[in-house]
Amino acid sequence: MYRKILFVAAGLFFSLFVLLTIATAGAYLMVASDLPAVDTIRNVQLQTPLRVYARGGELMAVFGDKRRIPVTTDEVPQRMIDAFLAAEDDRFFEHPGVDYAGLIRAALELIRTGQKTQGGSTITMQLARNFFLTNQRTFERKIKEIFLALIIERLFNKQEILGLYLNKIFLGKRAYGVAAAAEVYYGKGVSELSLAQVAMLAGLPKSPSSANPLVNPERALGRRNYVLKRMRELEMINREEYLAAVNEGVSATPHSLKIELEAPYIAEMIRSEMVERHGREAYTGGFEVRTTVDAAMQRRAQASLRDGLLAYGERHGWLGAEGRVDAAVLESPAALERELAALPGVGGLEPGIVVGADDEALHIALKGGDAVRLGEAAWRWARPRLARGGMGARPDSAAQVAQAGDIVRVRSGETPRLAHIPAVSGALVALEAGSGAIVALAGGFDFYHSKFNRAVQARRQPGSNFKPFIYSAALNEGYTPATVVKDTPVVFTDPNNRDWRPQNYSGKFYGPTRLREALKFSRNLVSVKLVDRIGINKTLDYIRRFGFERADQPHNLTLALGAGAATPLEIARGYAAFANGGFLPAPYLIGRVSVLDKTVAEAQPLKLCTEDCELHENRSEGSDAGMAVPLDMPNTQYAPQAIPADIAWQMTSMMRDVIRFGTGRKARALGRGDIAGKTGTTNEQRDAWFSGFNRDIVCTVWVGFDDHRPLGARETGAVAALPLWIDFMRGALDGRPERAYFKPPNIVSARIDPANGLLAHPGDDNAVSETFRLRHLPKKITQVPPNGESQGKLKGLF
């Protein structure tokens, strides 16, 4: 009898085992086609946003829907790991990915109540759901979770699974993973959190959106205390720790991402480039881009541009209030705050509402309940800008400038000042002269006010800023800085029989003028006559050496006056050839691209050809080298030689005189002898430029209106653009010693007669020193005055 019972029991057990096996196999076959492939599971990747950094590691931007900061399990404190295990899966290190006891409890609960619960879902099963499944609560999904969990446990060890979970889990407020959540809720790293804060995060996976401490502090507190209780029951913390933590209040507050360097124009350039290369994966692939941007220079560039545009605005008068609020708003602090909250800051200008104005001051309410009193020095500049142009009378009282209820802007700082958002635009870009690395770029007053990046997108007439390229073509044809060209009236007739009479900015004519003097004072007629003598086609061909395409330039004599089109970046690139001895660099912004600390692409900037390389080896004009390329393409490329070193030296010498004696003499305020540059102004002052450099840094500044209207009388490059350049370079060159330019051995100096450019006769007290390429040294000596005696030889060389 006993044996019969055993036999029946064994039969029943075997039958049950077979049925379970068949049921399991059937369940697997039912969902197998929907399960991801093993390779997909093995190569699972976290969706991590694109991060952009400056050269020194300062965070500039993050692009992507999910905020995630990947961390390893070694970087996560054990207390945080304990908290998540206590809250979600205390048998994690014991089960094979599926907690069968938990599943049975969940099944019994379903039979008892008829309700599906979350019970039985292990960390591994949650990981499977988060990576591969939806959050829809169905039996089919639960079956898929079980099989995926078993597969995951076979492919990864427990530490790897835990690491993936702690980085993947959604914890509310777009935060994915514990590190991102620590930053979002507490502004801290994971190792800086208190026990109560750790428990708060561990309680979030159940209802991260509706029960987080920012949305529902009360529910979040209850969940946190549950986690602490579980930790105490599991003896992960002692009684004293539990009591201290459970009595701690909710300390979570919203924390935005800590952007260490505001450079949105650059960040957008990087985002666009990465999307072009990688598509949508750019936002999720965990790419970290290290740019060439120098943080200190970038801050200086943006500040210099903003200050310069605001200064232009003050020179041209007060635009008036942006708008008005009803009188009732002024009576209600809450209504006042609501109005202010709806107004964004623009370029460092705070929005404010005038609450009172008298003879002496404007009283202005600011956001957050703050207020400011602007005395006469802060508003005295605000002469009204007239509709027909020009400005009205200077105000005698603050009440003439603004009235209570007016919406205005306040320029913050040590001494707050009345301001308005500039209507004028501008751009600044700075490069390393040798490598072409972009170290600073500001594409406008405020990216969020106007996303148009004028540094790389605005194609404007460069005006006289283009003349150094024209003069280089002349030197290449055998002209010298001492060559004399007559600055006299001339008329050119085009094929349509239309006359063109070029003029100097001053409207005057200066007679015979040496090229050095003509460039120093930006004489238009000399430039026009140079192009006329050289030939338009030959000039166009030559300026292509600086990276300018023929199609962007006029095929007539207005080429001499910069009537073509170029971006500030293109101009800066061309000037780099003067600064570095004649080579044309390829500007680049991406220094390195990495994923999980592994470099996947790295810039290979064009190298300057030194004495140990062949001049034209591995070089081609217009090469795109210098952008980030795959590491398996390591071939070295050299920058094309745009102009000979001796011409680069002579042009630099002439542009140093522009700074010392000419249109750029305001830059003498920098107190340096190694800077060179050129102003630029177009017809009717529609564009104002200054480009300048030393051996290390090239910087171009442009100022103008986006709609091409005139800047106004006397708003030349020396007035509107040069002060911005000076302010930027003062910071950029601070602490950098002066560096002499390399002087080619074929450059010689000679004393010349300034009136005709010929070699001076001995004893000529009016003689000046000039530099020549040896083969272009003048052969003639100027005529000896009646009271002098010619030596009949080349003298005056030294």
When we measure straight from the Cα of Lys168, which aspartates and glutamates land under 13 angstrom away, once same-chain ones fewer than 8 places off are left out?
-> Glu160
Kirkwood-based Rg over Rh for region 45-87 (C-alpha set), two decimals?
-> 1.12
What are the ³J(HN,Hα) values, in whole Hz, obtained from phi via the Karplus relation 6.51 cos²θ - 1.76 cosθ + 1.60 with θ = phi - 60°, for each residue of region 66-71 in sequence order, with x given for Gly and Pro?
-> 10, 8, 9, 10, x, 9
Would you list, by chain and number, the aspartates and glutamates whose Cα falls below 17 Å from the Cα of Lys229, excluding same-chain residues fewer than 8 positions away?
-> Asp82, Glu88, Asp89, Asp90, Glu218, Glu240, Glu241, Glu248
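Using a probe of 1.4 angstrom, how much of the accessible area of region 226-285 is carbon and sulfur, in percent?
Details: 1650 of 3530 Å².
Within region 226-285, the accessible surface is 47 percent carbon and sulfur.
Output the Kirkwood hydrodynamic radius of region 258-378, Cα pairs only, in Å rounded to one decimal.
Working: mean 1/r = 0.0548 Å⁻¹.
Final number for the Kirkwood radius of region 258-378 is 18.3 Å.
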Give the ranking of Arg239, Arg686 by solvent-accessible surface, highest area first, calculated with a 1.4 Å probe.
-> Arg239, Arg686
Set of aspartates and glutamates with alpha-carbon distance to Lys258 below 17 Å, sequence-local pairs under 8 removed | Glu58, Asp65, Glu183, Glu192, Glu288
From the cross-link list Lys508/Lys529; Lys173/Lys598; Lys66/Lys451; Lys66/Lys367; Lys467/Lys666, the entries with a Cα-Cα span beyond 26 Å are Lys173/Lys598; Lys66/Lys367
Simple spin-label model, 7 Å along Cα-to-Cβ: Val246 to Arg459 in nm?
-> 7.2
Ignoring ligands and nucleic acids, Val600 exposes an accessible area, probe 1.4 Å, in Å² to the nearest 10, of 60
Over the alpha carbons of region 537-579, what is the largest minus smallest coordinate on each principal axis, giving the biggest first in Å?
-> 28, 18, 16
Directionally averaged projected area (convex hull, Cα atoms, region 246-326), nm² | 12.6
Sorted largest first, extent of region 731-787 alpha carbons per principal axis (Å) = 54, 25, 16
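How much length, in nm to one decimal, is gained on full extension between Asp326 and Ala377, taken as 0.36 nm per residue of separation minus their Cα-Cα distance? Write out the running numbers ahead of the final one.
Details: separation 51, 0.36 × 51 = 18.36 nm, distance 2.82 nm.
Extra length available between Asp326 and Ala377 comes to 15.5 nm.
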When only the heavy atoms of the protein chains count and the probe is 1.4 Å, how do Trp500, Trp379 rank by accessible area, highest first?
-> Trp500, Trp379
Could you order peptides 171-184, 331-344, 63-76 by the average number of other Cβ atoms within 10 Å of their residues, highest first?
-> 171-184, 63-76, 331-344
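Among the trypsin sites (Lys or Arg not before Pro) in region 455-542, which ones are in a DSSP loop with at most 16 other Cβ atoms within 10 Å of the Cβ? Mind listing them? Walk me through the numbers on the way to the answer.
Values: sites: Arg459, Arg460, Lys486, Arg498, Lys508, Arg514, Arg516, Lys520, Arg523, Lys529, Arg533, Lys538; in loops: Arg459, Arg498, Lys508, Arg523.
Passing sites in region 455-542 are Arg459, Arg498, Lys508.
Pull out the extension gain between Ala393 and Thr599, defined as 0.36 nm times the separation in residues minus the alpha carbon to alpha carbon distance; nm, one decimal. All intermediate terms of the calculation are to be shown ahead of the outcome.
Details: separation 206, 0.36 × 206 = 74.16 nm, distance 6.18 nm.
Value of the extension gain: 68.0 nm.
How much accessible area per residue does region 256-405 have, counting only protein heavy atoms and a probe of 1.4 Å, in square angstrom? Provide the component values of the computation, followed by the final result.
Values: 7250 Å² over 150 residues.
Accessible area per residue, region 256-405: 48 Å².
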Using a probe of 1.4 angstrom, how much of the accessible area of region 691-787 is carbon and sulfur, in percent?
-> 52
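Calculate, in whole percent, how much of the Cα-Cα pair population of region 342-490 lies beyond 18 Å.
Here the long-distance tail beyond 18 Å is 72 percent of all Cα pairs in region 342-490.
Kirkwood hydrodynamic radius (Cα pairs, Å) of region 454-571? Present the calculation step by step, with values, prior to reporting the outcome.
Details: mean 1/r = 0.0687 Å⁻¹.
For region 454-571, the Kirkwood estimate is 14.6 Å.
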For region 693-794, the percent of all C-alpha pairs falling in each 10 Å bin, from 0 up to the bin holding the max distance, is 12, 25, 17, 24, 17, 4, 0
Cα pair distances of region 241-293 binned at 5 Å [whole percent] | 4, 13, 18, 15, 12, 7, 6, 7, 8, 8, 2
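The values are calculated or read from the model by the stated rules, or taken from the named source; none is laboratory data. Please read these numbers as outputs of a predicted model, since none were measured by experiment. Backbone-built Cβ (ideal geometry, glycine too); neighbour counts: all protein chains shown. For accessibility, only protein heavy atoms count, side chains too; no ligands or nucleic acids. Shrake-Rupley method; radii C 1.70, N 1.55, O 1.52, S 1.80 Å.
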